[in-house]
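Here the structure is laid out as structure tokens; the discussion comes afterwards.
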Amino acid sequence: MSRRFVLLLLLAAGAAAHEHHGENIPEGAVVSPDPLDSILWWHICTMIVAFGILFPIGMVLGIVRSKWHVPLQVVATVLALMGWFLGHAHKGRQFAPNIHSAFASSLMSMLFTQVGLGIYLKLHIERGVHGRMRPFMVTLHGILGKAMPLVSWVQMLFGGITALGFCHADHLGQCLAHFVMGSSFIAYGIIMTILLLVGQAWLRRTGRSQEFWDSLVIAVWGCVNTFTEHRWGENWNHGDIQHTSMGVVWWCAGLLGLWLSRGKDGEPKRNVVPALVIFLTGWAMSGHAQHLPLSTMVHAVFGYTLMTAGIARIVEICFLLKDKPAQSEPSSFQHLTPFLLFASGFIFMSATEEQLALIASVGIDHVSYILVLYSLAFLLYLFVQILLYLFVSHEKPKSPQDAQLENGRPRGDAAERQVRDADEFELQGLITDEEGSDVEERKP
């Protein structure tokens, strides 16, 4: 098995060394005018299935120690290798040296390391230095597995940017702002969903309310924006002033949110400051002047979506939960804020000047464009819900003492036990019977 793995690595290295010719790329351009051929489309679809769907599912199955973890990871790895070879065998459109191809080496190296660690752990070599190294290898394997969805998301964004030849020269700064902020809104929505469905035990252990952590991130991000949205030494323009002032609002509001997140006796307390920041950000972006009418309308819808998310969060905290933490099965209304954050992220990532100029050139109006972006938000939110469902529902209670569930979700000690189990991320079957018995003895 190890010889086959080495052979695959050598073949992959040979594919990586293949260089695409760029004789059809016009001077001053970064892509040729040729269309994307079928091989490149197969590369795109294969990589999306492997890195965007199968590896995240495999990550969750590994956390809950499912027997399906290893088979699914094997299938995903095979698809990833196929997609990588296809990416170096396509014809049609040619590309200048780009971030997608450069980052691919890091991503695939990370994948090979993950697979190699899995094989090493599966061999159960535990004598001598291997026994001392094994805990470190298990931890590293878990870290790489959990980081894979995030790194894959970045690489998929790089792929879309490269395929269209966007984000070069003067457009680089705007692309960074839109893709980083858009991804941040989606990440915020994912974290909010995790805390809503499975994170209440963790919040109780920290002794902090969710708004404490929200306010901390807002304050730090506001400080970063305050000093990075303007190129110091150059003249100020309208966009610099607006973005910098938004950063100032964030860190000022974040400091207030941190203060209000603690009650007079030190107990965690809910507050609406992060929700107000979301609302104010949406209001500011809804009136952000743009060069194209289509861009103005798309930014307005983005602002309205973000404002609605802020209002929904305020209603949830003040009237639905009445300043109490979420304890039971979330109501349908509580899904509104994280979903709208997903939608806001997709809209903002898709609102760069180059993207909207392309959309306008083919005659697509802002209504159709926004509906497509909302559709993507629905699909991603569904996928996140499926992953969390796999995490929560995998283990069945074996005794009445283990059935400490509240509306299908773990609570109290059962939730804390599930979190501890999740921290022991490892491939199914990688630990020996002796190691497994030691783990069971440590559990309460």
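Side notes on the structure shown:
- Among the residues examined, Val217 does not qualify as over 30 Å from Leu321 (Cα atoms) and either touching a Gly at 6+ places or on another chain (Cβ under 8 Å) or in contact (Cβ under 8 Å) with a residue 12 or more places away in the chain (or both).
- Extreme residue, surrounded by the most Cβ atoms within 10 Å (Cβ to Cβ), among residues of the range 138-152 that are in contact (Cβ under 8 Å) with a residue 60 or more places away in the chain and under 16 Å from the mean Cα position of the chain (by Cα): Gly145
- Which listed residue, of Ser361, Ser375, Ser399, is modelled with pLDDT of 90 or more, over 26 Å from the mean Cα position of the chain (by Cα) and surrounded by fewer than 20 Cβ atoms within 10 Å (Cβ to Cβ): Ser361
- Within the range 134-165, the only residue that satisfies the criterion of being among the aromatic types (Phe, Trp, Tyr) and at pLDDT below 95 is Phe136.
- Helices (runs of 4 or more DSSP H) (entirely within the range 37-94) containing at least 1 residues that are farther than 17 Å from Trp153 by Cβ, of a type in the set (Ser, Thr, Tyr) and in contact with a strand residue (DSSP E or B) (Cβ under 9 Å, 6 or more places away or on another chain): 38-47
- Only one of Arg132, Arg205, Arg127 that is assigned by TED's automatic domain parsing to the domain that holds Gly345, basic (Lys, Arg), more than 23 Å from the chain's Cα centre (by Cα) and surrounded by fewer than 16 Cβ atoms within 10 Å (Cβ to Cβ): Arg205
- Qualifying residue in the range 341-361 (condition: assigned by TED's automatic domain parsing to the domain that holds His288, without any contact (Cβ under 8 Å) to a residue 24 or more places away in the chain and in a loop (DSSP other than H, G, I, E, B)): no
- Qualifying residue in the range 60-76 (condition: under 22 Å from Asp34 (Cβ atoms) and either at pLDDT below 90 or of a type outside the set (Val, Ile, Thr) (or both)): no
- Residue match in the range 194-202 (condition: in a loop (DSSP other than H, G, I, E, B) and under 20 Å from the mean Cα position of the chain (by Cα)): yes
- Residue within the range 311-323 that is within 25 Å of the chain's Cα centre (by Cα) and not hydrophobic (A, V, I, L, M, F, W, C) present: yes
- Scanning the range 253-272 for residues that are touching a residue at least 40 places away in the same chain (Cβ under 8 Å), crowded, with 22+ Cβ neighbours inside 10 Å and outside any loop (DSSP other than H, G, I, E, B) turns up just one, Gly257.
- In the set Ile44, Ile63, only one residue is over 30 Å from His168 (Cβ atoms) and in contact (Cβ under 8 Å) with a residue 24 or more places away in the chain; that residue is Ile63.
The values are calculated or read from the model by the stated rules, or taken from the named source; none is laboratory data. Keep in mind the model is a prediction, meaning the values are calculated, not measured. Neighbour counts are summed over all protein chains in view; Cβ atoms, including those assigned to glycine, are modelled from backbone coordinates with ideal geometry.
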